Each structure stands twice: as structure tokens, then as C-alpha cells.
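So the structure is just underneath, and the comments pick up after that.
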Amino acid sequence: MQQVTIRAIEPQNGSMHAMAAGFIGLIVVGALYVGQDIFVPLALAILLSFVLAPLAELLQRLYFPRTLAVISVVVIAFAVLLALGTLMGRQLTQLAGDLPRYETTIRQKIHVIKGASSGDSTFERAADVLRQLGAELDKPAGPQGAPAAGAAPQASPIPVIVRAPDAGPLATIASLITPLLHPLAITGLIIIFVIFILMQREDIRNRLIRLAGTRDIQRTTAALDDAGARLSRFFLMQLSINCGFGIAIGLGLWAIGVPSPLLWGIFAAVLRFLPYIGSAIAAVFPLALAAAVDPGWTMLIWTGLLFITVEPLVGHIIEPIFQGHSTGMSPVAVVLAASFWTVLWGPIGLVLATPLTACLVVLGRHVEGLAFINILFGDEPALEPWELFYQRMLAGDASEAVEQAEEVLEERRLLTYYQSIALEGLKLAQVDLSAGKLTGERIATIKDGVEELVEDLAEFDDSVPEQGDDKLKPEAAAAVAATPLSVADDALAMVDKAALTGAWGGERPILCIAGRSPLDEAAAAILADLLSKHGLGARAEGVDILTTSNIARFDFDQTALIVLSCLDTDSRSHMRNVCRRLRRRTPGTPLIVAAWGVAPDAAEAIKRECRADAVVSDLRGALAASTEHAMAPAEEAKEKAPAM
């Protein structure tokens, strides 16, 4: 009864946790919206602190006191920002004064566009009819609305004008200062926040460690230090790249002749903090201005070519060289972040969207409690390479797995891919099979997918590939990063088939047999492919040949070695019975049990119980043991040969 009660309460607890998390999320969003006058300066200060922290540390290494170093860096930074703001203000004032001069050009181009699209079309006739109907409806009332005969004419109302008294000098000064109070207050808050964040970096770090928990201080400290260093490098490099982009755009617009090139250069540098769409937004205003200034279309075309050329050059060549992934966020995450922060904080939220979300993504990679942010918004694959392999095989999409494998094999050898990705994926399938989660149809789909993969990779040998410079897709890059270099660089010797004697000289002397299920047969097919590419002919057979009737009829005459493939390493009795059956049928043939992933101590126990010649746990061990057995007759023949 108690167990039933607990099971009934668990879903309620889960629902309560979900509701509590949602409620807390709503409170946080509401607080961010209501308190944006505080949180916006704080967010700007945090981002500026990441940029200024390396500079402050540099001054401290030059024997500046911390207080002096921090204040100097902050004063220089805000002086630069003030100078840029002043320049932008002057450019905007000049542009506003010049706009009336461009009215004639704009009218001419509108007439040209309308003339190009004019014609006696159905839409224009319908528009004329609608305009005439509108004019009829707007006409004043006719005779029905005339006053009756003999009625006195209505007197027209006398207009009344209310004039405010002349403002005194204090009121005039107040009207000038009031619009400046809010920006000045925001700027003052940002300066204060930046100074205190830079001054109290260690104290803030210690408090974050306390919040994260003190059970593993070393790991938490390393995570925070790494996150801070990564974010500082990211924002400093991103600022440098965006400034270079803005300078290139400004110089290009100046050369083309677009008015206020400095303004649009600064505008482009700021908006480029919003990836994918920031450059497009920054191009709208210069394009519109180029169309208004030039009576022709030359300036507009050159301006468009400038943005089309500079953005791909910076985004696809310069940025990957100096920074790699620009944000660590997926394109969908960038759009969602921009929408969320814009709704929350307006235009300033649009500029801060990517930096703020990038901070959360980096923290999500290091702080366990925020890992869901990295999963939702990060650009890293959501599944591990072996999980993705299993999922593709489960879905019957072997072609995608083959595509990923071909990319991985540009950087890693075939043995590494099979061992670290394919075989690990089959182990996941075995876990689900042992738990009763896989049907027979699904198991057959996985086996067929692995066999298709092995067949499609027939052109690849097991040599160590040259390290290529090709840019891999995220899934393939994650698979390469997950494979150990020690295995990738350790090439096993290839067997000279001409040196083999006896049954080893046959076409396929090694028989790889599935121990229990089609998943074992899939692993056996992988091993057989590796053995064949190392000069040892091999074939894979299913579990059906191990039945009493089939094993008696099976031809073992050309078999020099038997390898039993077993993913289920817990079924010792089954492995023991199968090995006993094989021993009775082929008493003189060496037998290797490939218990994939078994621990060393368990491997020794399996070897004793099954009376096997060897027990291996991975593909490399199976290759080494098979090669040793293949070369043993040749070595014995050399030892018995008389000395010359």
C-alpha cells in the first residue's frame, strides 16, 4: 500500500515542480520588465566589465594600484563612448538639415517607379472607382440638410485661443534639462556598476561559488574562471571585429559619396552585435539615403555591393580565423533571443540580446543548474555522437549516419569511428533491448542500417588520415572532438596475406558470430569489415547458426578463428553454453569472445568459464588478438626451420 501511495504522489510532485519553475520564470520576467531602469544599466555594466577587465588587469600588471587602474580604464572607455556619441549627434544634425534638399530627388524616383508600373490595369480601374465612391460619401448634405424657411440662421461659434503665460528663465532651463536627466541617470548608474564590478571581481566570484554550492569548490571555481575568461575574450574580440566592420563600411560609404558615412559606420558596428540580421538592418538606412541623394541608381548599387561584399568577408573568413564560432548560439536561438529582449527592453534589448544570451549559454556549459540553457540555445549538437548514431539507426536513416561518418573519416581512422561512435551506439541499443524497450522490428531496422553503413564505407581503409582543413558540420565536429587522438594515431599493423599459411590462407578464414541478438550480428559485421581491411578475411553470421540443428550442418572446414560477438555481457550462462557448443563442433579452432565493453576483471572470469582462448572488450583488442593468432603459424614455422 505504501508503494502505491508513493507512485501516486510522484507525478504530483513533478507537476508541482514544473508549476513552481514556471511561476518563478514569470516572476523573473516580470521583474526584468518592471525594473528595466535598474537591470538595463546593470546588464550594460556587466558586458562592459567583460571588455574592460583584461585592460584593467594589464594596468595592474604594470604596477598600477587596482583603484587607479579601474578608474583609468572606465574614464577612458566612457570618454571614447562620449566622443562617439557627440560625433553621431553632429552627423544626425547635419543629416536632418540636408534632408529637404533630397526631396526633389525622392519625388522624381517615385514618379519613375510609378511610371514604370502605370497602365490601364484592372487594379487601377478598381482604385479609381473606389476613389470616386469615397468622394461621393464625403460630399456635404444636400437640400435635405437645409434650414427650414423662416428659421433664424445659426450663429457661427467664436474661436477661443488659450495662451500659456510666458515661461520664466527657470522653467526654460528646466524644460531643457528634463529630457537629459534620464540618459544622464542611466549613464551614471552604468559607470557606478562598472567600477564596483571591476573592483569587486573576486568577491562577486566567491558569492557565485557560494550560490552554486561549496561541495565542489575546485570545479565551480574552474568553471567560473573559464566562463569569465571565455566571455572576456569573446566580447573583446567581437568588439574588435565589429569596429573593423564599421570602419570598413564607413570608409566605403565615404568613397561612394553617401552622406554621414561616420554615422552609418558606427551604426553598423553596433548593430553587428546582432548576428545574421544586424548587418542587414544596418544596410537599410544607407541604402535609403543613397537612393535619395543620387538622381540615378549608381550610388544605390555600389552601397548594396559594399554590404554584400564586406559582411561575408568578415563573417565567413576573418571572424572564423580569429574567433571560431561567433556566439556559440544557434541561428534560431539568436532570433528568439532578439525577439524576447526587444519585447522586454525595447531597442536597447535588441542590441543586448545576443551578448546577454551568449553569457547565459557559456554559463550553461559550466554550471550544472543552467545546463538547459546551453541545450536550448547553444550551437553544439543536442545529442552525443553515439546517441545520434543510435537515433539515426533507430529511425532507419542510415544515409545521414554515412554522411556523418564520411566527414569524421577525414580526420579520424575507421577503427576510431567504429569503436567510439558505432559500437557505443550499439551498446545504447543493447541497454534498451535489455530493458524491453525495443521491438523485433526496431532491432531488425538497426541491424540493416549498420550493414548498410558498413557497405557504404567499403572504400575507406583503416589508415590514419591526414588532418584536413575542411570546415566540418557541427555533428561531425563534435564526433571528431569526442574521439581520442591516442587511438586515432595508433595504427595497427596490416597483415600480409601471402605470409599466412594453412586455413589462414583462405578467402575468409575468420568467422564472426552473433552471440544472442541481431545487435550482436551488427557488431560482428563491423568487426568483420575491420578485419578484412587489415588483410584478414572475415565474414559475419547471425545467431541462427548456433541452434543445435544448424550448427551441426554448418561448414567450419575453412574457418581458422571464431569470434563470438556479445553486447549483453551480463548473460554469462548463455555465453558459456554457446562456447561449449562451438567447442564440441570445432574443438581445434581458436575461439575469441568479444564481450564489448566488459571490465578487465570480468573478462578474466568469462575466459575461465567459457574456456576461450581470449576475451576482448573493444575492436582494437579484437584486431590485435586476431592478428596474433593469424601470425602464430608463420612464426612457428620460422622457429622450426633449420638455420642456414
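For the stretch 25-65, report the accessible area per residue in Å² (1.4 Å probe, heavy atoms, rounded to an integer).
58
Tally up the carbon and sulfur contribution to the accessible surface of the stretch 283-424 as a whole percent, 1.4 Å probe, everything protein left in place.
So the carbon and sulfur contribution to the accessible surface is 71 percent.
For ILE318, ILE446, give me the order by solvent-accessible area with a 1.4 Å probe, most accessible first, ignoring ligands, DNA and RNA.
Descending accessible area places them as ILE318, ILE446.
Could you pull the accessible area for LYS447 with a 1.4 Å probe, rounded to 10 Å²?
Accessible surface of LYS447 is approximately 40 Å².
Given a 1.4 Å probe, how much area per residue of the stretch 515-611 is accessible, in Å²?
Spelled out: the 1.4 Å probe surface of the stretch 515-611, per residue, equals 41 Å².
In square angstrom, what is the accessible area per residue of the stretch 394-455 with a 1.4 angstrom probe?
39
Could you look at the stretch 486-591 and say what percent of its accessible area is carbon and sulfur, using a 1.4 Å probe and all protein chains?
Ligands and nucleic acids excluded, carbon and sulfur reach 46 percent.
Just to make sure I understand: if all protein chains stay in place, what is the order of CYS243, CYS359 by accessible area at 1.4 Å, largest first?
Listed by decreasing accessible area, they come as CYS243, CYS359.
Could you please put TRP302, TRP341 in sequence from largest to smallest accessible area, using a 1.4 Å probe?
Highest to lowest solvent-accessible surface, that is TRP302, TRP341.
The values are calculated or read from the model by the stated rules, or taken from the named source; none is laboratory data. What you are looking at is a predicted structure, and each value in this text was computed from that prediction instead of being measured. Ligands, DNA and RNA are excluded from the accessible area calculation, which covers all protein heavy atoms including side chains. Shrake-Rupley method; radii C 1.70, N 1.55, O 1.52, S 1.80 Å.
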